[in-house]
Amino acid sequence: MNFFTTWNSACRTRRSLPLIGLFLLAMLTWIHLVEAKETGSVVGTVIDAETKVPLPGVNIVVKGTYLGAATDADGRYLIPEIPTGDFTFEVSMIGYTIQQKTGIKILTDETIVVDFVLEPTTLALGQEITVIGEKPLMEVDITSSTRSISADEIQASVVENVSDVVSQQLGVVEEEGALHIRGGRSHESLFLVDGVAIRDPLSGAAYGLQVSADAIAEIEVITGGFNAEYGQAMSGVVQIKTREGGSEYHGSATVKSDHILGLDYFNTDIMEFNLHGPEHLLSWFLPGDVTFMINGYGFFSDTYLPHAKRLYSSQYGGTRFAPREENDWSGLAKITWKIDPTHKLSATYNRSLKINQGYFSEYGGFPYRYSQNLDNFNTYTQEAIGINLSWTHTISPTTFYETVLSRFYTSLHYDVAGKHWSEYIMTDDQLPVNTDSLGQVEVGDGFYDWGDAPYWHDHYVETYTFKGDLTSQISHRHQLKTGTELSTTEMQLVDIYKPWLGETGLGLNHDLYRVYPHNGAFYIQDKIVYEGLIVNVGLRYDYWFPGKYVEDAINDPEAVTISDAAREKFKKETFQLFGRRGKGHLSPRLGISHPVSDNDMLFLSYGHFSQLPKYQYIYAKLTSRSMSTYQLFGNPNLNSTITVAYEMGIKHKFSENQMISLTAFYKDIFDYPTSLRVEADNPRLGNISYLMYFNMDFARARGVEIELKRRHSHYLSGTMNFAYSMATGKSSTPDDALLVAAGRLREKTLKEDFLNWDRPIHFAINVTFRAGENEHPNLFGIKLPDNWAVNLRWQTQSGKRYRPVERKEDSNSQPYDDYGERNAEVGKHWEWLDIKIEKDFRWGPIWTTLFLEGKNVLNNKNPRLINPLTGRAWEQGDPIPISWANDPDDLPPWNPSRYREPRNLRLGLSVSW
């Protein structure tokens with residue numbers, strides 16, 4: 001444990017009480033400003049079956065709850081704040097038969113239309129009609145590109161966690177462990193777990209907390225046109241709702257492996273369990289119903305790449321929690337107290353831990369140069385803890401609110417074998433030793449033989465957040481939402497590079513800081529409903545205060561990287577409140593839906609979306625002084641990045657079970673941070689120049705998406721989707737100027753290039769065939785067994801972008817390489833087929849499932865590292881660029897990570913009750 005961690009632990013304890021007191025006071029202050037995130041609403045009309053006249057005074061009851069409503073003079077009704085799930089609605093009126101609709105599916109923050117047609121009484125007293133119902137396939141009040149993935153759909157697929165599920169959605173590109181939505185950068189999406197953001201603002205990881213697939217009740221992915229209630233996101237919003245307990249006990253335990261019964265792949269083992277139901281101990285002395293849910297998950301694999309003999313995590317018990325190369329742990333505990341039909345309290349504790357060497361993360365990659373010395377490469381330990389307390393209160397049949405108080409902690413630490421940076425040994429390449437034909441000695445082969453990787457890093461982020469939202473159906477045409485959010489954050493970073501160099505004991509390059517930024521938001525939006533027109537209009541204001549660390553740097557006349565002009569600009573572009581200077585941004589949102597007919601609808605949206613830059617771009621090296629020639633300094637005067645997005649789409653329903661949608665989108669993104677070289681204007685500093693971040697870059701994304709969806713019917717369900725898109729911009733990373741200065745990148749151009757993650761074409765088919773209990777499909781007259789399912793998912797997409805190279809000859813017939821434009825060409829396409837086959841067996845109340853999962857079952861070779869002369873990964877006999885051959889430090893082209901993961905088959909067993 002280093003000095004910074006020890007000192008922080010002591011200080012954090014003393015700060016906890018005032019912080020908790022501050023948020024409790026905020027909760028009391030804003031108690032009437034909240035909106036439920038785990039509920040939906042139902043509207044509709046009730047008419048007479050014979051006369052078609054609207055019926056007033058009809059009672060509508062949500063069975064199993066105390067929720068309900070009565071129709072008005074026009075036969076309309078509204079039932080707000082219905083918990084997500086499947087419900088049965090009962091409708092009754094004197095003189096008419098009682099009617100029930102079952103299977104009405106309520107999804108988070110959606111309003112669905114359920115109409116009833118009542119028959120005049122012809123049946124004996126007490127008889128009723130039961131109608132089987134489902135959630136409408138085409139929801140006319142949705143004015144954005146939204147896809148909801150249920151727990152059943154997740155269970156049927158070959159997925160392990162949230163990122164696996166999201167990466168399969170239309171408009172999402174997975175690139176080196178990062179998710180890009182509609183051409184945006186990976187950190188531009190907002191991931192919410194039970195309404196709480198799980199972003200690491202330092203590393204930029206959008207989903208710092210891992211949630212296993214079996215703990216999820218529903219995932220909603222919004223790729224465009226999201227409402228004003230969502231902020232600090234420019235590309236997409238992913239809402240993850242975790243499971244809750246019910247009135248009965250249920251649970252499951254699952255194990256799967258790829259090295260049993262003749263399988264021998266990546267030494268992978270996966271274990272998971274969950275249990276949920278009523279909590280009787282607390283129910284003895286608390287009114288109402290108390291339920292619980294617990295989940296545990298472990299993933300351990302040596303991967304398809306070379307791996308270290310052992311990993312040592314200095315943060316978590318040495319080797320105890322790291323038996324393999326990739327080690328993922330997660331756990332979730334949730335208690336829900338439904339005091340009465342109008343009051344609900346929920347508490348959730350979620351924790352995840354990842355220990356690996358960063359092979360598949362956006363901040364890492366396979367360390368090919370260390371492949372003969374992997375035990376001396378970095379071990380990454382990433383931890384996240386989410387705690388939230390949610391209170392929901394229904395004030396009236398048309399108004400409710402929710403308050404959420406949360407703590408989110410995330411940390412990333414990497415070192416070599418648990419060493420302090422002062423213990424590092426310099427890397428060296430001394431083997432083999434050869435003598436050429438001229439007698440000159442050649443030492444090394446490009447691979448490090450001993451010594452330690454030159455990186456030592458530790459950072460943590462701890463955020464306390466209070467959220468308050470209010471929803472009110474102020475009339476049958478207007479549903480008003482308003483809310484606020486307040487967050488206070490503590491962040492610390494220690495980063496050391498090549499610690500064996502320098503005279504300060506902090507290496508060739510280092511950065512150290514601890515900061516306390518604050519941010520928040522207000523929003524208001526209105527859903528306006530007319531026959532034939534639904535409008536979502538909203539306005540959001542985001543604000544933030546960078547904190548005392550920035551203000552001290554601004555006011556320090558000795559600060560080398562902050563000019564007098566920059567100081568004046570900071571004061572001019574900020575406002576002062578409670579002694580601190582802050583910035584804000586106003587974002588309008590508009591969405592329109594027009595039902596053209598019962599089977600067709602048109603929707604469009606327009607909005608401004610803003611997001612704070614990564615905090616590293618603001619705070620980096622404001623007070624640190626290193627020896628390195630190439631240093632990149634933060635800019636305390638950075639503004640938020642802005643996206644202006646447009647979207648238009650149409651949907652057509654072929655039947656109650658089949659629908660097609662066509663969507664076109666366009667996004668302008670500007671004020672991206674980028675690095676520029678600056679000459680110091682202080683005459684006392686001479687001719688010093690340095691690199692600094694500025695809001696100077698821009699990008700664009702545009703595309704067309706088509707999706708055909710079939711709901712489960714006659715054993716079959718699935719989707720087929722296609723997307724054509726382009727993502728272009730000035731640069732793919734803010735560090736381009738630093739890479740140019742260091743000679744690792746050609747000069748940055750002034751025009752737009754295709755971005756690294758641009759994948760123009762995407763096509764995928766996902767099909768599930770399921771035979772339930774007592775369902776026996778016939779195949780050519782043969783009666784098949786029941787309780788089995790097959791899921792197939794085939795996907796192909798454009799390959800990676802690369803800068804092409806053409807081999808030419810000069811006037812002296814000497815070969816040379818002519819380099820084209822950056823990212824001008826697309827490499828060999830990617831293609832893979834995933835499959836899951838399962839068979840269920842019932843033993844009374846216990847179900848046992850045997851299954852086989854296969855990833856990339858056709859064993860396609862999908863290139864990750866492109867040879868720019870051929871447009872594919874290097875293979876024996878392929879030419880290589882002259883620069884590769886002439887570089888004395890370069891490595892052989894047979895990097896084992898040049899292809900994505902090959903075939904992997906896993907056998908599994910699950911027991912549920």
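Give me the percent relative contact order of the chain, please, defined on Cα pairs under 8 angstrom at least 6 residues apart.
Rounded, it is 9 percent for the chain.
Taking K and R as +1 and D and E as -1, what net charge do the other residues with C-beta under 11 Å from the C-beta of TRP913 add up to?
Working: positive: ARG842; negative: GLU248.
Summing Lys/Arg as +1 and Asp/Glu as -1 gives 0.
Label GLN876 and ILE260 with points 7 Å out from Cα along Cα→Cβ: what is the distance between them in nm?
Taking the simple label geometry, GLN876 and ILE260 are separated by 3.7 nm.
Using label points projected 7 Å from each Cα along Cα→Cβ, tell me how many nm separate HIS250 and LYS839, to one decimal.
Result: 2.5 nm between the two label points.
Would you please name the GluC sites (Glu not before Pro) within region 471-545 that are DSSP coil residues with at most 10 other C-beta atoms within 10 Å of their C-beta?
Details: sites: GLU485, GLU490, GLU503, GLU531; in loops: GLU503, GLU531.
The qualifying sites are GLU503, GLU531.
Which residues among region 522-562 fall inside the zone where the amide N is under 14 Å from a point 7 Å beyond the Cα of GLN576, along Cα→Cβ?
Zone members listed by number: 551-552, 555.
Hey, can you rank 844-857, 609-622, 821-834 by average C-beta count inside 10 Å, highest first?
609-622, 821-834, 844-857
Considering every pair of different Cα atoms, what Kirkwood radius, in Å, is found for region 145-242?
Numbers: mean 1/r = 0.0755 Å⁻¹.
Result for region 145-242, one decimal place: 13.2 Å.
Of the options HIS420, SER390, LEU438, report the single residue whose Cα projects farthest towards the positive end of the charge dipole of region 377-448 (beta-carbon charges: Lys, Arg +1; Asp, Glu -1).
The Cα lying farthest towards the positive end belongs to SER390.
Where does region 162-204 land on Rg/Rh, using Cα atoms and the Kirkwood Rh?
So for region 162-204, dividing Rg by the Kirkwood Rh gives 0.95.
At each listed q (0.06, 0.07, 0.11 Å⁻¹), what is the log10 of I(q)/I(0) that the Debye formula gives for the chain modelled as equal alpha-carbon point scatterers?
Reported log10 I(q)/I(0), two decimals: -0.45, -0.62, -1.58.
Pick out, from TYR615, ALA253, ILE761, the residue whose Cα sits farthest towards the positive end of the charge dipole of the chain, with +1 on the Cβ of Lys and Arg and -1 on the Cβ of Asp and Glu.
TYR615
Taking the Cα centre of the chain as origin and charging only Cβ (+1 Lys, Arg; -1 Asp, Glu), how large is the dipole, in debye to the nearest 20?
In debye, rounded to 20, the chain gives about 960.
Determine Rg/Rh for region 54-116; Rg is computed over alpha-carbon atoms and Rh is the Kirkwood hydrodynamic estimate from the same atoms.
0.95
Which Cα, out of GLN797, PRO896, SER346, lies furthest along the positive dipole direction of the chain (beta carbon charges, K/R +1, D/E -1)?
Ranked along the dipole, the leading option is SER346.
Taking each pair of distinct Cα atoms in region 778-912 once, what is the resulting Kirkwood hydrodynamic radius in Å?
The Cα-based Kirkwood calculation yields 19.0 Å.
What net charge do the residues around LEU55 carry, taking every other residue with its C-beta under 12 Å from that of LEU55, with Lys and Arg at +1 and Asp and Glu at -1?
My count for the surroundings of LEU55 gives -4.
Could you please state, rounded to a whole Å, how far the C-alpha centre of region 651-668 is from the C-alpha centre of region 827-842?
A separation of 26 Å, based on Cα centres.
When all alpha-carbon pairs of region 590-736 are counted, what percent fall beyond 20 Å?
64 percent
Please state the charge dipole magnitude for region 145-242, taken about the Cα centre, from unit charges on C-beta atoms (+1 on K and R, -1 on D and E), reported in debye and rounded to the nearest 20. If you can, show how the numbers build up before the last one.
Working: 5 positive and 14 negative charges, 69 e Å.
In debye, rounded to 20, region 145-242 gives about 340.
Could you tell me the distance between the Cα centroids of region 327-399 and region 698-719, to the nearest Å?
With region 327-399 and region 698-719 each reduced to a Cα centre, they are spaced 29 Å.
Sorting PHE408, PHE670 on the 10 Å Cβ count, fewest up front, what's the list?
Exposure proxy ranking, most exposed first: PHE670, PHE408.
With helices defined as uninterrupted DSSP H runs, which ones in the chain have an alpha carbon span along their own long axis of at least 18 Å and mean Kyte-Doolittle hydropathy of at least -0.5?
Length and hydropathy pass: 3-29.
Which order do peptides 297-309, 272-284 fall in by mean Cβ count within 10 Å, highest first?
297-309, 272-284
Using every pair of alpha-carbon atoms in region 417-566, split the distances into 10 Å bins beginning at 0 and state the percent of pairs per bin, rounded to integers.
Result, from short to long distances: 9, 18, 19, 17, 14, 12, 8, 3, 1, 0 percent.
Readers should treat all values here as calculations from the given coordinates under stated rules, not as data from a laboratory. In this text, all values refer to a predicted model and were calculated from it rather than measured experimentally. Glycine gets a Cβ as well: all are built from the backbone with ideal geometry, and neighbour counts include every protein chain shown.
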